[in-house]
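K.L.:
The structure is given below, and queries will be raised subsequently.
The values are calculated or read from the model by the stated rules, or taken from the named source; none is laboratory data. Nothing here was measured: the structure is a model prediction, and the numbers come from that model. When we count neighbours, we look across all protein chains shown, and the Cβ atoms used for this are built from the backbone with ideal geometry, even at glycine.
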Amino acid sequence: MAPRPPIKLNGVVLPSHMIAAEAQHHPSQTPAAAFQAAARAIIVRTLLLEEAKRDAIVAEPEIVAPGKRELDDEAQIRALMEARISVVEPDEAQCRAFYDAEPSRFRSPDLFEASHILFLAHPHDAKAYAEAVARAEEVVAELSRSPDRFEAIARERSECDSRANGGRLGQIVQGETVPEFERALQKLEEGQIAASPIQSRYGAHVLKLDARARGETLPFEYVHEKIADYLAEQQWRRDAAAYVERLVSRAQIEGVDMFPSNSARVPAA
């Protein structure tokens, strides 16, 4: 195998061990792709730090998450970008146009009231899982004849704590339960019991939709501020990417393609 050509930034070779250490933060389909992504990230970071040094930027590291503080380099880059890239606030017409183009984004979620009867089983235990599904199928068949028995069966046989409430789970909105559960709820009519068990990572569920409140599109006035924040952030990101791209275009870079056709124009620093 031919040796990998050195990667250089303005005539300076980037040490392979430094790129290899960075590569762990850039999951890719191949080690070579991760190495290239890491080299691009190091180059961008180096260019930004050089700009910060040229501008004599001094920044105090901030807390970015509970128990996590910025590194000095991260603080300098943040301060540089804040100094170079202005936040452009969208006007009301831009916000209104965005709202009108995608009203479904501003719809409150459906609200469900549901009940279930759960037969616990781990998906990796094929025998136990098959038995749980079979038990759930027996209950579905029984309820097809006597649907008013749902609460009693839940109290007698369900392996979920909700059995104490006759299987009632209370109000559920999207994202609060597993996707399989949510998809089934969307298909049921009020009072309907699913015709087959719902299989999830918890086991097999006999599911009943007790009630549903359809979500509604939120008024523009209610979401105006969130839209403005979103549009301002998107514009800031575009301006920041353009700024980094200008720095890259002015640098002498060898051994790595900074703008691969199958990825973003500029890697994140």
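K.L.:
Across segment 104-121, what is the number of residues that are surrounded by 12 or more Cβ atoms within 10 Å (Cβ to Cβ) and not in a strand (DSSP E or B)?
P.N.:
6
K.L.:
Shifting gears a bit: Would you check which residues across segment 30-51 are under 22 Å from ASP72 (Cα atoms) and either of a type in the set (Gly, Ala, Ser) or out of contact with any strand residue (DSSP E or B) (no Cβ under 7 Å at 6 or more places or on another chain) (or both) and list them?
P.N.:
Across segment 30-51, the qualifying residues are ALA38, ALA39, ARG40, ALA41, ILE42, VAL44, ARG45, LEU47, LEU48, LEU49, GLU50, GLU51.
K.L.:
For residues that are in a loop (DSSP other than H, G, I, E, B) and under 25 Å from the mean Cα position of the chain (by Cα), scanning just segment 6-35, find the one that is surrounded by the most Cβ atoms within 10 Å (Cβ to Cβ).
P.N.:
The qualifying residue surrounded by the most Cβ atoms within 10 Å (Cβ to Cβ) is HIS26.
K.L.:
Which condition number in (1) under 23 Å from the mean Cα position of the chain (by Cα); (2) farther than 17 Å from GLY215 by Cα; (3) not basic (Lys, Arg) is the one that PRO103 fails?
P.N.:
(2)
K.L.:
In the list GLN192, GLN252, GLN174, which residue meets the criterion of being touching a helix residue (DSSP H, G or I) at 6+ places or on another chain (Cβ under 7 Å), on the phi < 0 side of the Ramachandran plot and polar (S, T, N, Q)?
P.N.:
Step by step, each of GLN192, GLN252, GLN174 is checked, and only GLN174 is touching a helix residue (DSSP H, G or I) at 6+ places or on another chain (Cβ under 7 Å), on the phi < 0 side of the Ramachandran plot and polar (S, T, N, Q).
K.L.:
A further question on this structure: Mind listing whichever residues of segment 134-148 are among the aliphatic types (A, V, I, L, M) and buried (at least 17 other Cβ atoms within 10 Å of the Cβ)? Spell out the reasoning first.
P.N.:
Within segment 134-148, the subset among the aliphatic types (A, V, I, L, M) is 134, 136, 139-141, 143.
ALA136, VAL139, VAL140, LEU143, listed by residue number.
K.L.:
Take the residues of segment 166-189 that are closer than 20 Å to VAL139 by Cβ and of a type in the set (Asp, Glu): which is modelled with the highest pLDDT?
P.N.:
GLU189
K.L.:
Still on this structure, I have one more. Would you say LEU231 is in contact with a Cys (Cβ under 9 Å, 6 or more places away or on another chain) and surrounded by 14 or more Cβ atoms within 10 Å (Cβ to Cβ)?
P.N.:
Criteria met by LEU231.
K.L.:
Another question about this same structure. Where residues in segment 122-178 are in a loop (DSSP other than H, G, I, E, B), farther than 18 Å from GLN192 by Cα and hydroxyl-bearing (Ser, Thr, Tyr), which of them is nearest to the chain's Cα centre (by Cα)?
P.N.:
THR177
K.L.:
Taking the condition within 25 Å of the chain's Cα centre (by Cα), exposed (fewer than 14 other Cβ atoms within 10 Å of the Cβ) and either outside the structural domain of ALA241 (by TED's automatic domain parsing) or basic (Lys, Arg) (or both), does ARG78 pass?
P.N.:
Details: within 25 Å of the chain's Cα centre (by Cα): yes; exposed (fewer than 14 other Cβ atoms within 10 Å of the Cβ): no; either outside the structural domain of ALA241 (by TED's automatic domain parsing) or basic (Lys, Arg) (or both): yes.
Judged against the criteria, ARG78 is not a match.
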